[in-house]
Amino acid sequence: MSDPSAPQGLPDEPAEPPAARHRVIGTPPPAQARTLLGDGASGETGAGDGSPPMRRELPADPSNPVKAKRAERVVALCFILSMLASIGFIAAYVGLEVHSVDAVLRSNLALGVSMSVAFLGLAVGATVWVRRIMPTVELTEERHPMRSSPEDRAAFAETFQEGAEASQFVKRPLLRRTLIAATVPLAVAPLVLLRDMGPLPGTTLRHTVWRKGLRLLTYGANTPITSAEFSSAGGMITVIPDGYQDDPEALAQATAIIIKFQPGVLQPPTVLNWTVDNIVCYSKICTHVGCPAALYEQTTHHILCPCHQSTFDAPRGATVLFGPAPRPLPQLPLTTDSQGYLVAASDFHEPVGPSFWERG
Amino acid sequence: MSIDRALREIGGELDDRFHAARGFRVLFRKIFPDHWSFLLGEIALYSFIILLLTGTFLTLFFQPSMTEVVYHGSYTHLDGVKMSQAYASTLNISFDVRGGLLMRQIHHWAADLFMAAIFAHMLRIFFTGAYRKPRETNWLIGIVLLTLGMLEGLFGYSLPDDLLSGTGLRITEGVLLSVPVVGTYLTFFLFGGPFPGNDIIPRLYVIHVLLIPALMLALITAHLFFMFHQKHTQMPGKGRTNTNVVGAPTYPYFMAKTGAFFFFTFAALALAGTFAQINPIWLYGPYTPVGISAGSQPDFYMGFLEGTLRMFPSWTWDLAGHTVPWNVLIPALVPLGLLFTGAALWPMLERWITGDKSEHHLNDRPRNAPTRTAIGLAAITFYGVFWLEGANDVIADHLDISLYVTTEIARYAIFIAPVVAYIVTKRICLGLQRKDLHLLEHGVETGIIRQLPSGEFVEQTRPLTEEEVAALDVRRPPALPAGASAREQEVPPPGLRGGLGRARLRLNKVVTETVPVEEHGDGYGHGNGHGNGHPAAERAAVASSRGEGVPDDADGSAGHGGAPAGS
């Protein structure tokens, strides 16, 4: 749009703005420095006509030749150091094996130090070069207001207008409206594509895999446990449902803790019918945002979630004592099977874990 | 000699091909002003480049798969442990790939430095007013980049599928579940079913290595282009005005300096990666929803959200069979939303309040915009309280106070501390303005006492140098909304009537509050007990450089309604 478009009805300004913007920079002569826009063109034509720059803007020699000489040696030293360090890096890569913790430490140290020195050498060298060897300069470049000349702005506005008119976008509302109507479903369509990223939630979050008769396994050892084996009051054990040791989705919901109390400590709202020999089982999934509520303080009987410090009162139905959790940890009904092992009497009677819209 | 000739010819060769003579010359001579705070953005940029470099290396060895494997690698402590392939390959990178650990650690440190540099850069921009017209677009791009950076970091450190980051994902799941109506659907679609599923790591991986970096790269390019096109702002100083840029040219000065700075950044990160262990996932173990480690802290830029979740009370609604978990929803969205939305809207708001629609290329010293600085400090304090609360267990442990007390304190502090910060900052700024004014009027105290022949003792002062004056004497009378009067008793112009107009005027008074700038300013801003026996001799010369005055309330002179504005 720049050159040959002059013979239009418009003011022929469109040719100007690039020229106005690409001004010659550097220290402006004092006389010109005052004005902002006017003298731009005159300074420009001088340099633009293929003739080389008139005046030196950067001095060729350092401000302080003696210092520069000294600095030159420093810079060279830095660069040599950097070079040696890079070679050292390659040597360390070739020479030092990994595959054990100690070897990795050695390799990491050698590679890291040589790499750091290689970069530092370049950085320091280049900095000293700029500051001590290159002649000090401070140039001033004119800054022009973002706003173009009124003619340019008018022409630009005109361009918009003309385009709109030529496209008939304004005049033909049918086109305009159908186009907009066409884009709306088009914008929604890609969202539909995301549907198959996962199954619908359904009632998945309302249930865990616990069911009547399913044994509690102590987490880690993965062995069933009898109430007699868990006799030390004050202890807490993480338990998982038998058969789901390697099922992270099941564990993410079903993980629970059992705590053994002295007789008489447990009281409502703990459901005492769901306990066995003063052993109570709660969901381990915090009702705040689902971290495992893993810390148990024996003296106070508090269960603490280490993520956001929701605190639950273990002997009293794991009611919330402090923190952002809105509900007690759900209690899992316990009983024993014929061999005396602790088993679930049913699933949790409410959804475990964090709140969600359909939870109710 | 041959280098010389090559240098002479290279321009011609380039011009033959790219019509480059004029454009490239302008480019070479483009001026970049100097100030230490301008390096903050460069740190962010170079950290990003280093992230791309080290990240590319890591992708060569990382396997974003949740397939379960049994580990039999070099880290014998985990021999025979079941883990995801992602975790196993991260162990492999750390212990069986030469330089792998170094690259991992540099990558992680670079991410932290990237975020820290963005925060610092953003604060610099805010406090010096560099976001003002015409740079609002770049300010907005910056906020988007900050948001993307947070997500990129969260997704990145989640990839190794270790116990710590897995807990972070679990929290993410809990937060997503809290979204009303569609929360469970979002969660199931993101995780490909119930948490944790088998899809989340591969999905986060492609978002982390492709989608977000591509977006960020595009935005950074635009960010730099705008900065380049609009020319860099500069701090006030001798010879620096709103219509020029003073500094060193790109070629060779800025090129060399910024190149050196890239290597400094890389060297610092390499040193950190060598000597400062970060994210030792082999100590955390592979993720299992059953386990967790105490003192689980996210990377620092996510600590804010951790703090909001910890601090917020347990409010939940159960309505007609549906649950609205305000206890998660509000802390996850509102505080950060307030900060980011506030930051995004601030340039517009300030423009509206002050009525200042002119371009600004000369930065403010923070003290010279007391209200803005005070708002900034209030925001930092707001952020800081949440951020500290995100580590309240560590704080409680180290200070030996109750965990719950730290949270209770934070619950009050989140409302009180920003207000205190605002007030204190504003007073400090105004005090510093008075100090500047004092310096301009009386010069620097030399500590020399001279006895006059009459026997009188006088303290000798040194007048400021031109450079010092140029740096100090930059305050302008605040712009007012068009036609707004500084006087109270007049009928306001149309734009300032009605409730909104009155609010605008009131805000204007607050935002533009400053120590009065007067041509012969003796006596103004001196309520603090300075005797003013010294005539403001140097001041007169100084003041002559100031042309602008308070915009006159030409149209506000319609008469004197006795009642306050707008009634």
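The values are calculated or read from the model by the stated rules, or taken from the named source; none is laboratory data. A quick note: this is a predicted structure, and the numbers were derived from the prediction, not measured. Heads up, the Cβs are rebuilt from the backbone with ideal geometry, glycines too, and the neighbour counts pull from every protein chain shown.
Evaluate the following for B:GLY149: is it under 23 Å from B:PRO202 (Cα atoms), touching a residue at least 12 places away in the same chain (Cβ under 8 Å), under 21 Å from the mean Cα position of the chain (by Cα) and in a helix (DSSP H, G or I)? Spell out the reasoning first.
Working: under 23 Å from B:PRO202 (Cα atoms): yes; touching a residue at least 12 places away in the same chain (Cβ under 8 Å): yes; under 21 Å from the mean Cα position of the chain (by Cα): yes; in a helix (DSSP H, G or I): yes.
Criteria met by B:GLY149.
For the range B:322-349, enumerate the residues that are in a helix (DSSP H, G or I) and surrounded by 22 or more Cβ atoms within 10 Å (Cβ to Cβ).
The answer is B:ASN327, B:VAL328, B:PRO331, B:ALA332.
Could you go through the range B:323-333 and let me know if any residue there is over 30 Å from B:MET66 (Cβ atoms) and in contact with a helix residue (DSSP H, G or I) (Cβ under 7 Å, 6 or more places away or on another chain).
No.
Quick check: is even one residue across the range B:181-192 more than 8 Å from chain A (Cβ to nearest Cβ) and either in contact with a Cys (Cβ under 9 Å, 6 or more places away or on another chain) or crowded, with 22+ Cβ neighbours inside 10 Å (or both)?
Step one: list which residues in the range B:181-192 are more than 8 Å from chain A (Cβ to nearest Cβ), which gives B:186.
Next, only the ones that are either in contact with a Cys (Cβ under 9 Å, 6 or more places away or on another chain) or crowded, with 22+ Cβ neighbours inside 10 Å (or both) stay: none.
No, the range B:181-192 contains no residue that is more than 8 Å from chain A (Cβ to nearest Cβ) and either in contact with a Cys (Cβ under 9 Å, 6 or more places away or on another chain) or crowded, with 22+ Cβ neighbours inside 10 Å (or both).
Would you pick out the residues in the range B:300-327 that are within 15 Å of B:PHE386 (Cβ to Cβ) and either hydrophobic (A, V, I, L, M, F, W, C) or away from chain A (no Cβ under 14 Å) (or both)?
Listed by number, the residues that qualify are B:PHE300, B:TYR301, B:MET302, B:PHE304, B:LEU305, B:LEU309, B:MET311, B:PHE312.
Can you pull out every residue in the range B:98-112 that is of a type in the set (Lys, Arg) and surrounded by fewer than 24 Cβ atoms within 10 Å (Cβ to Cβ)? So that I can check it myself, show each step before the final result.
Our first condition is that a residue be of a type in the set (Lys, Arg); within the range B:98-112, this holds for B:98, B:104.
Listed by number, the list holds a single entry, B:ARG98.
Which condition number does B:ILE353 fail, the rest of (1) more than 21 Å from B:THR308 (Cα to Cα); (2) under 21 Å from the mean Cα position of the chain (by Cα); (3) not charged (D, E, K, R) being met?
(2)
Please enumerate the residues belonging to the range A:92-116 that are of a type in the set (Gly, Ala, Ser), under 21 Å from B:LEU283 (Cβ atoms) and more than 7 Å from chain B (Cβ to nearest Cβ).
In the first step, residues of the range A:92-116 are kept if they are of a type in the set (Gly, Ala, Ser); the result is A:92, A:95, A:100, A:103, A:107, A:110, A:112, A:114, A:116.
Okay, now just the ones that are also under 21 Å from B:LEU283 (Cβ atoms), so A:100, A:103, A:107, A:112.
Within the range A:92-116, A:ALA103 is the sole residue that qualifies.
Given the condition among the hydroxyl-bearing types (Ser, Thr, Tyr) and touching a residue at least 40 places away in the same chain (Cβ under 8 Å), answer yes or no: does some residue in the range B:265-279 qualify?
Yes, the range B:265-279 contains at least one residue that is among the hydroxyl-bearing types (Ser, Thr, Tyr) and touching a residue at least 40 places away in the same chain (Cβ under 8 Å).
Taking B:PHE155 as meeting all but one of (1) surrounded by fewer than 21 Cβ atoms within 10 Å (Cβ to Cβ); (2) without any contact (Cβ under 8 Å) to a residue 60 or more places away in the chain, write down the number of the exception.
That leaves (1) as the condition not met.
Within the range B:283-297, count every residue that is more than 9 Å from chain A (Cβ to nearest Cβ) and either among the aromatic types (Phe, Trp, Tyr) or part of a helix (DSSP H, G or I) (or both).
2
When you scan the range B:417-439, do you find a residue that is touching a Phe, Trp or Tyr at 6+ places or on another chain (Cβ under 9 Å), of a type in the set (Lys, Arg) and crowded, with 19+ Cβ neighbours inside 10 Å, even just one? Don't jump to the end; show me each part of the working.
We begin by selecting, within the range B:417-439, every residue touching a Phe, Trp or Tyr at 6+ places or on another chain (Cβ under 9 Å); these are B:417-418, B:421, B:437.
Restricting the remaining residues to those that are of a type in the set (Lys, Arg) gives none.
Within the range B:417-439 (the criterion being touching a Phe, Trp or Tyr at 6+ places or on another chain (Cβ under 9 Å), of a type in the set (Lys, Arg) and crowded, with 19+ Cβ neighbours inside 10 Å), the answer is no, since none of the residues qualifies.
Give me a count of the residues in the range A:319-331 that are of a type outside the set (Lys, Arg) and touching a residue at least 40 places away in the same chain (Cβ under 8 Å). Let's see the steps before the verdict.
Taking the range A:319-331 and keeping what is of a type outside the set (Lys, Arg), we get A:319-326, A:328-331.
Add one more test, that the residue is touching a residue at least 40 places away in the same chain (Cβ under 8 Å), and what stays is A:319, A:328-331.
Going through the range A:319-331 one residue at a time, the tally reaches 5.
Condition check: of a type in the set (A, V, I, L, M), more than 28 Å from A:GLY353 (Cβ to Cβ) and more than 7 Å from every other protein chain (Cβ to nearest Cβ). Does B:LEU210 satisfy that? Even if it seems obvious, please write down each step before you answer.
Numbers: of a type in the set (A, V, I, L, M): yes; more than 28 Å from A:GLY353 (Cβ to Cβ): yes; more than 7 Å from every other protein chain (Cβ to nearest Cβ): yes.
Yes: the conditions hold for B:LEU210.
Which of the residues belonging to the range B:166-214 are out of contact with any His (no Cβ under 9 Å at 6 or more places or on another chain) and of a type in the set (Gly, Ala, Ser)? Quick ask: steps written out before the conclusion?
Within the range B:166-214, the subset out of contact with any His (no Cβ under 9 Å at 6 or more places or on another chain) is B:166-170, B:172-173, B:175-179, B:182-214.
B:GLY166, B:GLY168, B:SER178, B:GLY183, B:GLY192, B:GLY193, B:GLY197, B:ALA214, listed by residue number.
List pairs: first residue in the range B:229-248 and at the interface with chain A (Cβ under 7 Å from one of its Cβ atoms) and free of Cβ contacts under 8 Å to residues at least 12 places away in the same chain, second residue buried (at least 19 other Cβ atoms within 10 Å of the Cβ) and assigned to a loop (DSSP other than H, G, I, E, B) anywhere in the structure, Cβ distance under 9 angstrom, at least six positions apart or on different chains.
B:ASN244/A:PRO28; B:ASN244/A:ARG143; B:ASN244/B:HIS361
Give the residue that is farthest from the chain's Cα centre (by Cα), with candidates limited to residues of the range B:268-282 that are more than 8 Å from chain A (Cβ to nearest Cβ) and among the polar types (S, T, N, Q).
Applying the filter and picking the extreme gives B:GLN277.
Could you grab me the full set of residues in the range A:349-360 that are touching a Lys or Arg at 6+ places or on another chain (Cβ under 9 Å) and modelled with pLDDT of 90 or more?
A:GLU350, A:PRO351, A:VAL352, A:SER355
Could you check B:TYR46 against (1) more than 12 Å from chain A (Cβ to nearest Cβ); (2) in contact with a helix residue (DSSP H, G or I) (Cβ under 6 Å, 6 or more places away or on another chain) and say which number it fails?
All conditions pass for B:TYR46, except number (1).
Any residue at all in the range B:396-419 that is within 19 Å of B:ILE125 (Cβ to Cβ) and charged (D, E, K, R)?
Taking the range B:396-419 and keeping what is within 19 Å of B:ILE125 (Cβ to Cβ), we get none.
Within the range B:396-419 (the criterion being within 19 Å of B:ILE125 (Cβ to Cβ) and charged (D, E, K, R)), the answer is no, since none of the residues qualifies.
Just checking, which of B:LEU53, B:LEU60, B:LEU101 is without any contact (Cβ under 8 Å) to a residue 40 or more places away in the chain, of a type outside the set (Phe, Trp, Tyr) and under 27 Å from B:ASP199 (Cβ atoms)?
Details: B:LEU53 fails: under 27 Å from B:ASP199 (Cβ atoms); B:LEU101 fails: under 27 Å from B:ASP199 (Cβ atoms).
Criteria check complete, one pass: B:LEU60.
Which one is nearest to the chain's Cα centre (by Cα), of the residues in the range B:290-336 that are more than 30 Å from A:ILE237 (Cβ to Cβ) and acidic (Asp, Glu)? Please lay out each step first, then the result.
Here is the first cut: in the range B:290-336, the ones more than 30 Å from A:ILE237 (Cβ to Cβ) are B:299-305, B:307-308, B:311-313, B:315, B:317-324, B:326, B:329-336.
Still in the running and acidic (Asp, Glu): B:299, B:318.
Working: B:ASP299: 17, B:ASP318: 39 Å.
Checking each candidate, the answer is B:ASP299.
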